[in-house]
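A.B. asks: Dropping a structure here in structure tokens format, bear with me for questions.
The values are calculated or read from the model by the stated rules, or taken from the named source; none is laboratory data. Predicted model, so just to flag it, every value in this text is computed and none were measured. Here the Cβ positions follow ideal geometry from the backbone for every residue, glycine too, while neighbour counts run over all protein chains shown. In case anyone asks, the SASA skips ligands and DNA or RNA and just uses the protein heavy atoms, side chains included. Shrake-Rupley method; radii C 1.70, N 1.55, O 1.52, S 1.80 Å.
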Amino acid sequence: MPEQLRSIIASAHEAARGAADAAALAVVESSFLGKKGALTLLLRELGSLSKEERPAFGKLVNDAKLALEALLDERRVAIEATALAAALEASDFDATEPGLEVPCGTLHPITQITHELVRVFEGLGFFWATGPEVEFEHYNFDALNIPASHPARDTQDTFWLSDGNLLRTHTSPVQVRAMQRFGAPLRVIAPGRCFRNEAVDATHEHTFYQMEGLMIDRDISIANLIHVMKTCLREILGREVRVRLRPGFFPFVEPGFELDVHDPFGTGADRWLELLPCGMVHPNVLRAGGLDPEAWTGFAFGLGLQRLVMIRYGITDIRDFTGGDLRFLEQFGRV
Amino acid sequence: MLLSLRWLARYVDLADIEATRLADDLTMTTAEVEGIETSGAALRDIVVGFVVECGKHPDADKLSLTKIDDGSGELLQVVCGAPNVAQGQKIAFCRVGVAVPIDGKKPKKGKIRGYESVGMICSSRELGLSDEHEGILVLDTDKAPGTPLTDVLPLSDTLIEIDNKSVTHRPDLWGHYGFARELAAMYRRPLRDALEGLKVALPTSGETVPVDVSGARGACARYCALVVQDVVVGPSPAWMQQLLVSVGARPRNNIVDLTNWLQFDLGQPTHAFDLGRLHGPRIDVRYAEPGSTMRTLDGEQRELGAFDLVICDAQGPVALAGIMGGEGSMVDERTTSVLLESANFDAVTVRRTSMRLGLRSDSSARFEKSLDPALAEVTAKKFIAMLAEVAPGARATGPLHDPTAWRYDEKHVHLRSPRVSALLGVPIDEASARGFLEPLGFSLREKGYESFDVAVPSWRATKDIAIEEDLVEEVGRCFRYDSIPPQAPRAEVQALVRDPELVLLEKLRMVCAYDLGMHEVYNYSFLDDALCARLGLEGEDYVEVTNAIASHLRRVRRDVLPSLLGSLADNMQRHDEVALFEVGMGYRPHRDIEGAMGEERQGQRLPFEVHQLVAVRARRSAAPPYARLRGDYEALLARLGIAVHEARLPTEAEARALPWMHPRRTALFLTKAGATLGYVGDLHPKTARALELDYSSRAGSVGGAAALCLDLRVALAAAHTDLRYEPVPKFPSQPVDLAFLVEEAVPVADLARLIVDANAKFVRRHKLFEVYRGPGLPAGKKSLNFRVELGSDKRTLNTEDEERYLDRVRVLCKERGFELRG
């Protein structure tokens, strides 16, 4: 029997070493260690041995079993490692193949600049207000110190409506509405849609977007206006800028200014860009808002949103904003 | 408006100041400069030529064959067509390859009627100096041939272009004299009088023409009339023509040129009538009779209305007051006597007529600004003073006649110096305030502590200086705003008043773009007739624009969706799948069916404004997009914490108001309060077809288009954005699948209710995961397959609990007539 055991061990070890994969190894395991495996059967024949021989032979067979199991384990690990190596090697993965497309939407660039400006001005204590786009003549003109005879009321600039109202020609009506509603002191911005009866081309639109700003308090001065404008422009443009204030005429402010920014986008151009009209709120406008001009002073400004966006992104045709063309809109997907 | 530095030099010495600095200083203190140009630049390469020989062209009667010495040492043969060319003349010569100033064309070496011609002899017109084109310009000079023309003629000038819009509030700045006054004040230099060095020869009595302004009812503050005899009409002096050309005017004849020159000089328009052609002669300034007509000197027949101010002679209108003269009385070569009008007309009246007739002139542009009536008299005097040079022999035969007897009623404004410092934000002492204001013509008289009585000069009193702030502006701009150091305002800390609608809207836009993957579109508020026609929106009640940009854009949109459908159709021409959204206002005339009213003010009412979020999806292939868009809607409502109280088909009336939606495949959502949140559904087949979005009705195709609308005010009222935390369940959920076999007509909501009714305590969540129709089911039936999660806060549920729940479901199914499958 020991010879028999030796030959079994030899052939088992040979079979185990020769097994190329997990399946072959399983076959080896069952043919030697399974219920009808050679070693199992040999152990059953223990009974035919003498009592003295049994313990020694039994130990031999058990040792052989343990050795074979260890060998099988070792082989299994090796085979798995080989299989894994092969699998890793055989991958059809292409690092350049793109993933499934996730549809990503976009906010309109005017919405984006509006949200951005609101954040900047909220930081300075201004709150966001709105007013109707279809407006009373009163708020659009009279309350803003634009009398009936003023050229700004001409039909060539204003869209008049069949019901006697008009499409607001600026966001400035919100100044008086906000004064009436909130009183003073007041810090408010009002972005929104405005209308002027103008022929459309690459740089002109009959529908445009403005942001009105208004600050009213005790003793507000031009020096304060310059400070606030410089501060907000630094925020909007992301860098320190040179500004200059020069005379400009708007009936609802006195004095009125044009604010120019030097090289607003840091391209190195030695150029002043006219960016926003502003001024000290006219006493008649304060009165229309229910405030006493002796007690309160303030400044107001207006910012053209399309213009800001056009300069920022290098957009050359203002008609793109209302064109609704995805090929334009899709470009503004960055957050 | 162009300012000539040569012209300004008549009144103030600025020769030592560079034009660029002048322009900068003007921009920073007075008016926006748009650019600086140098006239005469085009003339730099034109030279003096000498006509050495001049004979007839052998093959052309009207041409001459000349030999020109251009200083190059070589005689050039030049063919010339001018009748006045002659041997011995000095002429302006344009060499081959040099641009002719008027059109920039360069003469080439070539043959004219068989004879070589090298260069060109120029006329005044070709040089851009005047309109004279009858012959060549003959130079009166002893300069040698080859000398640049600019050394011979006083042609070089620097012109500063002023943006007219920046001086609409400054009637005093519509002539050179006004700018000279500004610049003299700015640089603290003496300003010469407008009449300095001129002799005004006005008789104190003599010939006058009767003038009656009573019919003008206050619209003619002043009318100075002057009779001039012995007029010989001819060209005006060269210097005057050159100045006129340099500021962009066309010289005509001496009388007209003088009136034009005065207009650019002092800013006061005047008009010269041919006195011989005035009937009466007399002048009535009055409003026109409605329906009367006159022919203006541009040859147009003008129909007049009751608000048009006209100048009439004994027979009728001879001029549109302040706008344009009439053809019948215009000055021409035959004129020998002139009636000069130097008047002041009301700004609003002039503007109204000029707008109505679409007739704007240099004159109307000035009267519209409210000119100073004092200027009328100064200008008339200057006219007479300059006549001696411009029309030798002509003379005034009577006094300056002004029936209005206008006198300047001096305007006074109270100025407190602390107020100046407070508004500017920089300390300004009284001496500096005085130093800025007095050179501009204001006179200051101390009146009480730290305050002044300021007398306003007549040229600033008509319009722009009326209140203290106006004077603060004068001081501020002279001090220069860019010298004011910025200073942070002092203000109380205030909590922001946040408008909840705006806060919500900002978030919803982000949900649409970043959660739901849609692109935001901005459409016009105007609804295009063509789109209306495609959508069948003809008979609706709209707010309309009375002066629309184009006749097809007169409607203001009632709803935002139709325009977005237009954007969808456009984009689907280029894409296979599109998802768009838009936020905007719709306007309903106040007599709208919903009974909602717009804001009211003094009997006037705004249209009712609806604030809508709308979205559309279309696909050319794959499943129709309704289910996806409905999912979008539910996601939006979930973000808002809005539970839809009722979802139903629109009633007939509701469907009529949404003609672009499918009347039977649109779900209308209502809140618990009964308000309509909005709708989502398929497009009406007619709309889909009109917009070419009807993919599923085409052979072998699927896909389609769907739309949704959310009323933001209703949504805001129904929103529950505050939420309360619920503990995460301690005991696991038990999933149960239920499949109900029901008639097609049974709504999902009925089964959803049944699922909850069966045990409201244990049903944690339920979800419809499939609607099955087709093989294996009886016709007209569908299978609604739900997954229900059962669970309890107190213990883990066991199979008995599940069995009890299923029993209860079976009982309810029996009661309600549904069949539970499997």
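A.B. asks: For helix B:626-640, what angle does its Cα long axis make with the longest principal axis of chain B, in degrees from 0 to 90 and rounded to 10?
C.D. replies: Value to nearest ten degrees: 80.
A.B. asks: Kindly provide the GluC sites (Glu not before Pro) of segment B:517-608 that DSSP labels as loop, not H, G, I, E or B, and whose Cβ sees at most 10 other Cβ atoms within 10 Å. Provide the component values of the computation, followed by the final result.
C.D. replies: Details: sites: B:Glu520, B:Glu538, B:Glu540, B:Glu544, B:Glu577, B:Glu582, B:Glu594, B:Glu599, B:Glu600; in loops: B:Glu538, B:Glu540, B:Glu594, B:Glu599.
Those that pass, being in a loop and sparsely packed, are B:Glu538, B:Glu594.
A.B. asks: Per-residue accessible area for B:Asp722 at 1.4 Å probe radius, Å² rounded to 10?
C.D. replies: Counting only protein heavy atoms, the figure is 120 Å².
A.B. asks: Hey, got the average number of other protein chain Cβ atoms within 10 angstrom for residues in B:427-435? The partial results should precede the final answer.
C.D. replies: Numbers: counts 0, 0, 0, 0, 0, 0, 0, 0, 0.
Counting other chains' Cβ atoms within 10 Å and averaging over B:427-435 gives 0.
A.B. asks: If you don't mind, there's one more thing I want to ask. Using a 1.4 Å probe, how large is the accessible area of B:Asp570, given in Å² and rounded to the nearest 10?
C.D. replies: 80 Å²
A.B. asks: Answer rounded, prolate or oblate for segment B:198-251, using the Cα gyration tensor with square roots of eigenvalues a ≥ b ≥ c: rounded when a/c is under 1.5, else prolate when a/b is larger than b/c, else oblate. Write down the numbers at each step before the final one.
C.D. replies: Values: a/c = 2.71, a/b = 1.54, b/c = 1.76.
Oblate is the answer for segment B:198-251, as a/c is 1.5 or above yet b/c matches or exceeds a/b.
A.B. asks: I would also like to ask the following. Between A:Ile311 and B:Asp482, take the C-beta separation as r, use R0 = 22 Å, and let me know the FRET efficiency to the nearest 0.05.
C.D. replies: The computed FRET efficiency comes out at 0.50.
A.B. asks: Something else: Read phi for every residue in segment B:196-210 and hand back ³J(HN,Hα) as whole Hz from Karplus 6.51 cos²θ - 1.76 cosθ + 1.60, θ = phi - 60°, with x for Gly and Pro.
C.D. replies: Values, residue by residue: 4, x, 10, 9, 9, 9, 10, x, 8, 9, x, 6, 9, 10, x Hz.
A.B. asks: Using only Cα atoms, tell me the angle between helix B:254-266 and the longest principal axis of chain B; keep it within 0 to 90° and round to the nearest 10.
C.D. replies: For helix B:254-266, the angle is close to 60 degrees.
A.B. asks: Still on this structure: Return the long-range amide H neighbours of B:Gly678 (sequence gap of 5 or more, or a different chain), with a cut-off of under 5 Å between placed amide H atoms.
C.D. replies: Excluding prolines and chain starts, which carry no amide H, the hits are B:Phe669, B:Asp711.
A.B. asks: Leaving ligands, DNA and RNA out of it, report the carbon-plus-sulfur percent of the accessible area of segment B:390-506 at a 1.4 Å probe.
C.D. replies: 53 percent
A.B. asks: Once amide H atoms are built 1.01 Å from N in the peptide plane, which residues 5 or more positions from A:Leu275, or in another chain, come under 5 Å H to H?
C.D. replies: Amide H neighbours of A:Leu275: A:Leu259, A:Asp260, A:Val261.
A.B. asks: Given a Förster distance of 30 Å, report the FRET efficiency between A:Ala10 and A:Phe93 from their Cβ-Cβ distance, rounded to the nearest 0.05. Walk me through the numbers on the way to the answer.
C.D. replies: Values: r = 44 Å, r/R0 = 1.47.
According to the calculation, E is roughly 0.10.
A.B. asks: Subtract the Cα-Cα distance of B:Ala466 and B:Ala673 from 0.36 nm times their separation in residues, and report this length gain in nm to one decimal. Please list the in-between numbers first.
C.D. replies: Numbers: separation 207, 0.36 × 207 = 74.52 nm, distance 5.60 nm.
Gain on extension, B:Ala466 to B:Ala673, equals 68.9 nm.
A.B. asks: Probe radius 1.4 Å, ligands and nucleic acids left out: which of B:His720, A:His282, B:His401 has the largest accessible area, and how do the rest follow? All intermediate terms of the calculation are to be shown ahead of the outcome.
C.D. replies: Numbers: B:His720 120, A:His282 15, B:His401 50 Å².
Ranked from most to least accessible, the order is B:His720, B:His401, A:His282.
A.B. asks: Could you give the nm distance between label points at B:Ala739 and B:Gln573, where each point is 7 Å from its Cα heading toward the beta carbon?
C.D. replies: 4.8 nm
A.B. asks: Further question: On average, how many beta carbons from a partner chain sit within 10 Å of the beta carbon of a residue in A:126-136?
C.D. replies: Values: counts 1, 7, 7, 3, 5, 0, 7, 7, 11, 2, 7.
Per residue, the number of nearby Cβ atoms from other chains is 5 on average.
A.B. asks: Give me the extension gain from B:Ala19 to B:Glu74: residue separation times 0.36 nm, minus the current Cα-Cα distance, reported in nm with one decimal. Let's see the in-between values first.
C.D. replies: Numbers: separation 55, 0.36 × 55 = 19.80 nm, distance 3.98 nm.
This chain segment gains 15.8 nm when fully extended.
A.B. asks: If you line up the long axis of helix B:561-572 against the longest principal axis of chain B, both from Cα atoms, how many degrees apart are they, to the nearest 10?
C.D. replies: The angle comes out near 90 degrees.
A.B. asks: Which trypsin sites (Lys or Arg not before Pro) in segment B:24-86 pass both tests, a DSSP loop state and at most 11 other beta-carbon atoms within 10 Å? Walk me through the intermediate numbers first.
C.D. replies: Working: sites: B:Arg44, B:Lys56, B:Lys62, B:Lys67; in loops: B:Arg44.
The qualifying sites: there are none.
A.B. asks: Here's another thing I want to ask about it. Averaged per residue, what accessible area in Å² does the protein assembly as shown show with a 1.4 Å probe, protein chains only? Display every interim value, and only then the final one.
C.D. replies: On the way: 52790 Å² over 1157 residues.
Here the per-residue accessible area is 46 Å².
A.B. asks: Could you run the Karplus curve 6.51 cos²θ - 1.76 cosθ + 1.60 with θ = phi - 60° over segment B:418-426 and give me ³J(HN,Hα) per residue in whole Hz, x for Gly and Pro?
C.D. replies: Rounded to whole hertz, the list is x, 5, 4, 5, 5, 6, 6, x, 8.
A.B. asks: Provide B:Ser205, B:Ser370 ordered by accessible surface of protein heavy atoms (probe 1.4 Å), highest first.
C.D. replies: From most exposed to least exposed: B:Ser205, B:Ser370.
A.B. asks: Can you pull the one-decimal nm distance between simple spin-label points at B:Leu202 and B:Leu777, each 7 Å off the Cα toward Cβ?
C.D. replies: 10.2 nm
A.B. asks: Right, another one. Within the set of other residues whose C-beta is less than 9 Å from the C-beta of B:Val12, count the net charge using Lys and Arg as +1 and Asp and Glu as -1.
C.D. replies: Residues near B:Val12 contribute +3 overall.
A.B. asks: Could you tell me which helices of chain A pass both thresholds, a Cα extent of 20 Å or more along their own axis and a mean Kyte-Doolittle hydropathy of at least -1.0, with helices taken as whole DSSP H runs? Before the final figure, lay out each step's value.
C.D. replies: Working: long enough: A:2-18 (24 Å, -0.37); A:53-89 (53 Å, 0.22); A:109-123 (21 Å, 0.16); A:222-237 (22 Å, 1.00).
Both cut-offs are met by A:2-18, A:53-89, A:109-123, A:222-237.
A.B. asks: I'd like the carbon and sulfur percentage of the solvent accessible area for segment A:11-143, probe radius 1.4 Å, heavy atoms only, ligands and nucleic acids excluded. Kindly include the intermediate steps, with their values, before the conclusion.
C.D. replies: Values: 4480 of 7590 Å².
Of all accessible area on segment A:11-143, carbon and sulfur atoms account for 59 percent.
A.B. asks: What's the FRET efficiency of B:Arg250 with A:Ser162 using the Cβ-Cβ distance as r and R₀ = 45 Å, to the nearest 0.05?
C.D. replies: Details: r = 44 Å, r/R0 = 0.98.
About 0.55, to the nearest 0.05.
A.B. asks: Please give the solvent-accessible surface of A:Glu3 in Å², to the nearest 10, using a probe radius of 1.4 Å with every protein chain present.
C.D. replies: Near enough 120 Å² of accessible area.
A.B. asks: Modelling each spin label as a point 7 Å along the Cα-to-Cβ direction, I'd like the B:Leu806/B:Lys730 distance in nm, to one decimal.
C.D. replies: Roughly 2.9 nm, to one decimal.
A.B. asks: Still on this structure, I have one more. Which one, B:Pro148, B:Pro107, B:His176, is farthest towards the positive end of the dipole of segment B:72-213 when Lys and Arg carry +1 and Asp and Glu -1 on their Cβ?
C.D. replies: B:Pro107
A.B. asks: OK, next. How well do other chains shield peptide A:311-324, expressed as the mean number of their Cβ atoms within 10 Å of each residue Cβ? Intermediate values should be presented prior to the final figure.
C.D. replies: Numbers: counts 0, 0, 0, 0, 0, 0, 0, 0, 0, 0, 2, 6, 5, 15.
The mean count of partner-chain Cβ atoms within 10 Å per residue comes to 2.
A.B. asks: Hey, another quick one. Could you put B:Thr147, B:Thr721, A:Thr171 in order of accessible surface area, largest first, with the 1.4 Å probe and the full protein assembly present?
C.D. replies: So the residues, ranked largest to smallest area, are B:Thr721, B:Thr147, A:Thr171.
A.B. asks: Measuring from a point 7 Å past the Cα of B:Arg689 along Cα-to-C-beta, which residues in segment B:507-538 have an amide N at less than 20 Å?
C.D. replies: B:530-538
A.B. asks: Tell me, what HN-Hα J-couplings in whole Hz come from the Karplus equation 6.51 cos²θ - 1.76 cosθ + 1.60 at θ = phi - 60° for each residue of segment B:387-396, using x for Gly and Pro?
C.D. replies: 4, 3, 7, 7, 9, x, x, 6, 7, 6
A.B. asks: Could you work out the local net charge near A:Gln112, counting Lys and Arg as +1, Asp and Glu as -1, over the other residues with Cβ closer than 12 Å to its Cβ?
C.D. replies: Numbers: positive: A:Arg119, A:Arg312, A:Arg334, B:Arg509; negative: A:Glu116, B:Glu506, B:Glu520.
Neighbour charge sum, excluding A:Gln112 itself: +1.
A.B. asks: Still on this model: May I ask you to give the percent of accessible area on segment B:178-223 that is carbon plus sulfur, with a probe radius of 1.4 Å?
C.D. replies: Details: 1210 of 2370 Å².
With neighbouring chains kept in place, the figure for segment B:178-223 is 51 percent.
A.B. asks: Work from the charge dipole of the protein assembly as shown (Cβ charges, +1 for Lys and Arg, -1 for Asp and Glu, about the Cα centre) and give the residue of B:Leu5, B:Val47, A:Ile8 farthest towards its positive end.
C.D. replies: Working it through, the farthest residue towards the positive pole turns out to be A:Ile8.
A.B. asks: Can you give the accessible area buried between chains A and B, summed over both chains, with a 1.4 Å probe, in Å² to the nearest 100?
C.D. replies: For A against B, buried area totals roughly 7300 Å².
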